[in-house]
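**Q** My structure is below; once you've seen it, I'll send some questions.
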Amino acid sequence: MVREAAGIPLHQDAPHHWFAGLLVEDAHDWDPQLQAIGTEDDFGFLAFPQGDGKVRVYGGYPLDQARRFKGSDGPRRFLDAFALACSPKNAALVSGKPAGPLFAYVNADSWTDEPCAPGVVLIGDAAGWNDPIIGLGLSITYRDVRLVSDILKATDDWARVDFGAYAEERAERMRRLRFVGQITAAIDMEFGEAARARRRSLFERSAADPGLKAHAFAVMAGPESLPSELFTDAHRARVLEG
């Protein structure tokens, strides 16, 4: 609402897949030290243990299946979709029970060219969000808060405060994270035989050339920590086309 009131346009990529999340409880047989990511047939999954038998699970599925998990039994059917041959340990998730609502969203990235206007500075999702496939929503927001706070604390004259440095840093940060999210979605959240062959090819090629997955360090170490050549069409082609 603030963004719209300030007249700041929001740009969005075309959606690539549906992405849904659910908290599971009573999954006590799931290893509390184990995180898992996998793709089989028309479903990609992620699982992150929360302790005390709770696991946060996510699933991606094709855009033409918008109603796949709709309805009162949607959370249960979503959890049943985790019964995958590629990850037998998922049986511990399937045997758990939904502990909250199931929310599904299209994955599209969004961004603003200028996250500020007279009297307004946007942070977090208001300034544009990243594809949740790489799970950096709160990290993005926390960095936004830190950068904006540092600028505000550097002066007592907020009527003349300049958020240009924040806007410039955020634009490049989000560009790099969009790049990583798009590659991750292409590998983990595309389905069919061609996508399966691409995943196998990357798995085999990266064993000999770990640099093919170097862009993924942007998720844990920060996108600014990596060389710019990892965020180019040339690198994308090496990763996805072999």
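Readers should treat all values here as calculations from the given coordinates under stated rules, not as data from a laboratory. Fair warning: this is a prediction, and the values are worked out from it, not measured in the lab. Methodologically, a virtual Cβ is constructed for each residue, glycine included, from the backbone with ideal geometry; neighbour enumeration extends over all protein chains shown.
**Q** Using alpha-carbon positions, what is the distance between the centroids of region 106-127 and region 203-226, in Å?
**A** 27
**Q** Right, something else. Can you report the principal axis dimensions of region 18-106 using only the alpha carbons, biggest first, rounded to whole angstrom?
**A** That gives 34, 26, 18 Å along the principal axes, largest extent first.
**Q** Now for a separate question. Taking H placed 1.01 Å from N in the peptide plane, check which residues at least 5 places from Asp109 or on another chain put their amide H under 5 Å from its amide H.
**A** Close amide H contacts, sequence-distant or interchain: Asp13, Asp131.
**Q** So what's the angle, to the nearest 10 degrees on a 0 to 90 scale, between helix 193-208 and the longest Cα principal axis of the chain?
**A** 70
**Q** Here is a further query. Sorting Ser110, Ser72 on the 10 Å Cβ count, fewest up front, what's the list?
**A** Values: Ser110 16, Ser72 6.
Lowest to highest Cβ neighbour count: Ser72, Ser110.
**Q** For helix 164-188, what angle does its Cα long axis make with the longest principal axis of the chain, in degrees from 0 to 90 and rounded to 10?
**A** The angle comes out near 10 degrees.
**Q** Sort Leu84, Leu122, Leu138, Leu10 by Cβ crowding within 10 Å, fewest neighbours at the top. Let's see the in-between values first.
**A** Working: Leu84 20, Leu122 24, Leu138 9, Leu10 15.
Least to most surrounded, the residues fall as Leu138, Leu10, Leu84, Leu122.
**Q** Net charge around Phe78, counting only other residues with Cβ within less than 14 Å of its Cβ (Lys, Arg = +1; Asp, Glu = -1)?
**A** Charge balance near Phe78 sits at +4.
**Q** Can you report the principal axis dimensions of region 100-164 using only the alpha carbons, biggest first, rounded to whole angstrom?
**A** Computed over the Cα atoms, the extents are 45, 20, 19 Å.
**Q** In whole Å, largest first, what are the principal axis extents of the Cα atoms in region 112-241?
**A** Dimensions of region 112-241 along the principal axes of its Cα atoms: 58, 26, 21 Å.
**Q** For the chain, what does -39500 (n - 2.57) per DSSP helix run (n ≥ 4), summed and divided by total residues, give at 222 nm, in deg cm²/dmol to the nearest 500?
**A** Numbers: 8 runs with 87 residues, N = 242.
The helix-only estimate for the chain comes to -11000 deg cm²/dmol at 222 nm.
**Q** How are the C-alpha pair distances of the chain spread across 5 Å bins, as whole percents from the shortest bin up?
**A** Percent of Cα pairs in each bin: 1, 6, 12, 15, 16, 15, 13, 10, 6, 3, 2, 0, 0.
**Q** To continue, here is another question. If you add up the charges near Ser139, with Lys and Arg at +1 and Asp and Glu at -1, over every other residue whose beta carbon is less than 12 angstrom from its beta carbon, what do you get?
**A** +2
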